[in-house]
Amino acid sequence: MLKYSNCKICSGDTKIINETYQLIECNHCSLIFSENIFSQDEFVKVYDELYNRADSSYQRHSKDEFEKLKDGDVQIGKNRSGLVNRNIIKNNNCKSVLEIGSGIGLVGSYIKLKAPLIVYKGIELDTEAYLKSKSLGLDTFNGDFQIISKFDETFDVIMLWEVIEHLQDLNLFLELAYSKLNKGGKILLSTPNYDKIYNYPERDKDALYQNEPPIHLNFFTKRNINAIFKMKGFSSIEVREKKFPYLEKNIIRFTKNYIKALLGKYNGPTLYLVAQKKE
């Protein structure tokens, strides 16, 4: 298997920090990522198993969510709706939005409902999810993020929700996204917080508390995601954590983490970023 010899963002030297999952960390920008370079065939096999198996939790959740969307019940969550409302819906300068990893059309439907005059485009790799979004009347395309290089237009906002951690060619994505933003345009995204591992002092040394490669390939902290976007020319970068833990079956662990959050000693499970292209 091919492997990275240097950082895939800044070409800096790296060190192994997780032997079980072969994760390396850049000594310069602090990006944590999979040392292995996976083939397209490997991705297809893994994602088909993860998303399209009839008994998968994702498939069950997606089916339930799609039925709600068809009934006009559009719920995108407090943290995400806050970012979308502030930077898109209530932003008079936002006329166009591109979503990478648009799924079945959840956020696209929300924008269409709240601000129907905003031009929305979505890109979704999974064919089944793409077809569902098209059935909702959304302007979506089936393919990976590289398809945006063929778009003639540029956008006021590009958004990715739990997507950037999946992108093997992270450097190419950041360059394409920057080129497809209007001046003053913004990227909005969410991604798992790698530092949430420190909420579990009893953990196994290499435990991740998120999907391992080849599903998740990039692992972000507040420090490294800020550094990477700054390095790629973005400004006015805001990164914050989801303050409280997600509800889980282990009530004792959830309660402990909730108390930690109240005391300001909890590493939130999700990072939210807003970054602007320079005027």
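A short reminder: the numbers here are calculations on the coordinates, not readings from a lab. All values reported here derive from a predicted model rather than from experimental measurement. Quick reminder, even Gly has a Cβ in these numbers, built from the backbone with ideal geometry, and neighbours come from all protein chains shown.
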Go through (1) 17.8, 59; (2) 19.9, 64; (3) 18.7, 52 and flag the label whose value is the computed Rg and Dmax of the Cα atoms in Å for this structure.
(3)
Which value at 222 nm does the chain reach when only helices count, each DSSP H run of 4 or more adding -39,500 (n - 2.57), with the total divided by all residues and rounded to the nearest 500 deg cm²/dmol?
-9000 deg cm²/dmol
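Return a whole-number percent for the relative contact order of segment 74-170, with Cα pairs under 8 Å and 6 or more residues apart as the contact set.
Working: 138 pairs, mean separation 29.2, N = 97.
Relative contact order, segment 74-170: 30 percent.
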Would you please give the FRET efficiency between residue 57 and residue 183, computed as 1/(1 + (r/R0)^6) with r the Cβ-Cβ distance and R0 = 41 Å, to the nearest 0.05?
0.45
Projected onto the charge dipole of segment 51-158 (+1 at Lys/Arg Cβ, -1 at Asp/Glu Cβ, origin at the Cα centre), which of 83, 101, 158 gives the Cα projection farthest towards the positive end?
83
Label-point separation (nm) for residue 6 and residue 260, each offset 7 Å from Cα along Cα-to-Cβ?
3.7 nm
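How high is the relative contact order of segment 40-277, given as a whole-number percent (alpha carbon pairs under 8 Å, six or more residues apart)?
Numbers: 368 pairs, mean separation 38.1, N = 238.
Result for segment 40-277 is 16 percent.
Is the shape of segment 1-104 best called rounded, prolate or oblate, per the rule: a/c under 1.5 gives rounded, else a/b larger than b/c gives prolate, else oblate, with a ≥ b ≥ c the square roots of the Cα gyration tensor eigenvalues?
It is oblate, given that a/c is not under 1.5 and a/b is not larger than b/c.
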Sorted by mean Cβ packing within 10 Å, highest first, what order do the peptides 216-223, 195-202, 146-153 take?
216-223, 195-202, 146-153
Kirkwood hydrodynamic radius of segment 58-162, from inverse mean 1/r over distinct Cα pairs, in Å:
13.9 Å
Apply the Karplus parameterisation 6.51 cos²θ - 1.76 cosθ + 1.60, with θ equal to phi minus 60°, to every residue of segment 185-201 and state each ³J(HN,Hα) to the nearest whole Hz, in sequence, with x for glycine and proline.
x, 10, 9, 10, 7, 10, 7, x, 8, 4, 5, 5, 4, 6, 6, 10, x
Share, in percent, of DSSP beta bridges within the chain that are antiparallel, nearest 5:
55 percent
Farthest toward the dipole's positive end in the chain, which of 208, 197, 62, given Cβ charges of +1 (Lys, Arg) and -1 (Asp, Glu) about the Cα centre?
197
